[in-house]
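Here the structure is laid out as structure tokens; the discussion comes afterwards.
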Amino acid sequence: MNIPMPLRRRVALAFTLLGFLLSLVFSAAVIRITGDYGDTLAAEILQSQAEDYSLRLTNHLTAELPQTHRLSGYLANAARTPPKYRALPPGIHEDASDNGTTVGVFDTSAGRLIFVIDLSDIEELEELLNLFLAGMVVLGTALAGGLGWWFAGFALRPVQRLVDDVDALPVQPRRSRLAAHTSKDELGRLAHAIDAYQARLVDADTHEQAFFADASHELRTPLSVVQGVTEVMLDALNDDRGNDPAHVSRLRRLERGVRDMGHLIEALLGVARRSELQPEAMDALTFLKEAAHIALHDKQSRIAIEASGSLQLPRREALLLVSGLLRKVAQQSPDAVIHVSLSDHELLIDKQLDAASINDDTSTARSDIGRGSALLDRLAQRLGWQVKFESATRIRIRLHD
């Protein structure tokens, strides 16, 4: 599974690699320069000694070849000359048996001269320098990685601010002005693209709202015609006592279906509207009676309401939701009386109600309806109500005003 690496980590890794390469190149350059400098220095010292002593010996001047702890001089044919140096050809050589010792063999007018210089202490300094450079590679790599992590975080702050601004955008389509607060670079282009996308969402939402408005008008017209014809037919059948009761029952079911379809269309429009909800004060008992009338129409006597005080609610959407829930309970218990009780902004709908059941709440609150219809679910979300189905005929609603 290929998991992409976070941008900040990639930048830090790039800095780490760059720091390692730069430290390595610098260390290699220092080692090369110091090594060449030591060889050049030894060669120049030996060459100058050979020229100096050759000139003295040629002019028959008193000259004793040096014999110190660092520099030694020999005549190639002298008895005290170490045998391992006599066979060396002219030039500068490293003593393989003695690390840090350089041998210079020179053919001069005074004969072959051999000079030996001991630079072992300088070799030890070079080894210390190598250890120091190795530590510098490790330290430089770590420092570059740390700086890369910090610089990446600093450079990504505008991106994080843009992310926070995008996260703060509402669920509903809204025009944004993110590009106005960003720099005129790639980040600004990204913010401008988000603004343009938000604008397209707003335009699409506007077209959708127009569609819902037109569709509701088109749907209401035939439904009104069907409902009107159904009511006329029912009135005619009621006047004629000789009609078949089954035929009357079928017409009543048709009437209820048309009425329920009208309620669903109203609920759909209530969900589709993007305008902000406008709460208004209303008497609680009056509100619940109106919801009962919408829900059961000619059978309001099946609903017993206990409520007092006032409510601050969006009237239209609240009526659509409460009436829809009442209809669902009525469908589950067609012959029972439905009890509706309001206390402490909690509404309880139940076909049987007592004091114990009102205060009994052992389940976890939910932000949707669960077993309600999709339209009622969305209405509950839009109102911000907590609606809980405790059974098919018992619903507890927590109102948020």
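The values are calculated or read from the model by the stated rules, or taken from the named source; none is laboratory data. Keep in mind that this is a model prediction, so the values were computed, not measured. Here the Cβ is made from the backbone with ideal geometry for all residues, glycine too, and neighbour counts use every protein chain on show. For the accessible areas, the whole protein counts, side chains as well, though only heavy atoms, and no ligand, DNA or RNA atoms are used. Shrake-Rupley method; radii C 1.70, N 1.55, O 1.52, S 1.80 Å.
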Can you spot a residue in the range 61-74 that is out of contact with any Ser or Thr (no Cβ under 8 Å at 6 or more places or on another chain), more than 18 Å from Val116 (Cα to Cα) and of a type outside the set (D, E, K, R)?
yes
Applying the selection to the range 144-180, what residues are touching a Lys or Arg at 6+ places or on another chain (Cβ under 8 Å) and either on the phi > 0 side of the Ramachandran plot or loosely packed, with under 14 Cβ neighbours inside 10 Å (or both)?
Gly153, Gln172
Which residues, counting only those in the range 139-183, are outside any helix (DSSP H, G or I) and under 30 Å from Thr206 (Cβ atoms)?
Ala168, Leu169, Pro170, Val171, Gln172, Pro173, Arg174, Arg175, Ser176, Arg177, Thr182
So how many residues does the range 216-234 have that are of a type in the set (Val, Ile, Thr), surrounded by fewer than 12 Cβ atoms within 10 Å (Cβ to Cβ) and under 16 Å from Leu251 (Cβ atoms)?
2
Per the filter on the range 280-296, residues small (Gly, Ala, Ser) and either crowded, with 17+ Cβ neighbours inside 10 Å or in contact with a helix residue (DSSP H, G or I) (Cβ under 6 Å, 6 or more places away or on another chain) (or both) are Ala284, Ala291, Ala292, Ala295
Please identify the pairs in which a residue from the range 89-115 that is touching a residue at least 12 places away in the same chain (Cβ under 8 Å) has its Cβ atom under 8 Å from the Cβ atom of a residue that is hydroxyl-bearing (Ser, Thr, Tyr) and assigned to a loop (DSSP other than H, G, I, E, B), counting only partners at least 6 apart or on another chain.
Ile114/Thr81
Check Gly242, Gly188 and return the single one that is modelled with pLDDT under 75, small (Gly, Ala, Ser) and more than 26 Å from His293 (Cβ to Cβ).
Gly242
May I ask you to list the residues in the range 21-62 that are hydroxyl-bearing (Ser, Thr, Tyr) and either part of a helix (DSSP H, G or I) or touching a residue at least 60 places away in the same chain (Cβ under 8 Å) (or both)?
Ser23, Ser27, Thr34, Tyr37, Thr40, Ser48, Tyr53, Ser54, Thr58
From the set of residues in the range 157-202 that are under 16 Å from the mean Cα position of the chain (by Cα) and acidic (Asp, Glu), which is farthest from Glu276 (Cα to Cα)?
Asp164
Report, by residue number, each residue of the range 323-344 that is free of Cβ contacts under 8 Å to residues at least 40 places away in the same chain, part of a helix (DSSP H, G or I) and not polar (S, T, N, Q).
Leu326, Ala330
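Would you point out which residue out of Leu71, Leu129 is open to solvent by 30 Å² or more (accessible area, probe 1.4 Å) and either of a type in the set (Lys, Arg) or in contact with a helix residue (DSSP H, G or I) (Cβ under 8 Å, 6 or more places away or on another chain) (or both)?
One residue alone meets the criteria, Leu129.
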Only strands (runs of 3 or more DSSP E) wholly contained in the range 82-126 count here; list those with 2 or more residues that are open to solvent by less than 20 Å² (accessible area, probe 1.4 Å).
101-108, 111-118
Condition check for Ala43: within 23 Å of Thr102 (Cα to Cα) and at pLDDT below 85:
no
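Please specify each residue of the range 1-16 satisfying the condition of being assigned to a helix (DSSP H, G or I) and either free of Cβ contacts under 8 Å to residues at least 60 places away in the same chain or among the basic types (Lys, Arg) (or both).
Arg8, Arg9, Arg10
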Qualifying residues in the range 195-209 (those that are free of Cβ contacts under 8 Å to residues at least 60 places away in the same chain and open to solvent by 40 Å² or more (accessible area, probe 1.4 Å)) - the one nearest to Thr182 (Cα to Cα)
Tyr197
Quick test of your reading of the structure: Lys289 fulfils all but one of (1) touching a His at 6+ places or on another chain (Cβ under 9 Å); (2) modelled with pLDDT of 85 or more; (3) basic (Lys, Arg). Name the failing condition by number.
(1)
Exactly one condition in (1) open to solvent by less than 40 Å² (accessible area, probe 1.4 Å); (2) under 44 Å from the mean Cα position of the chain (by Cα); (3) modelled with pLDDT under 90 is not met by Ser23; state its number.
(3)
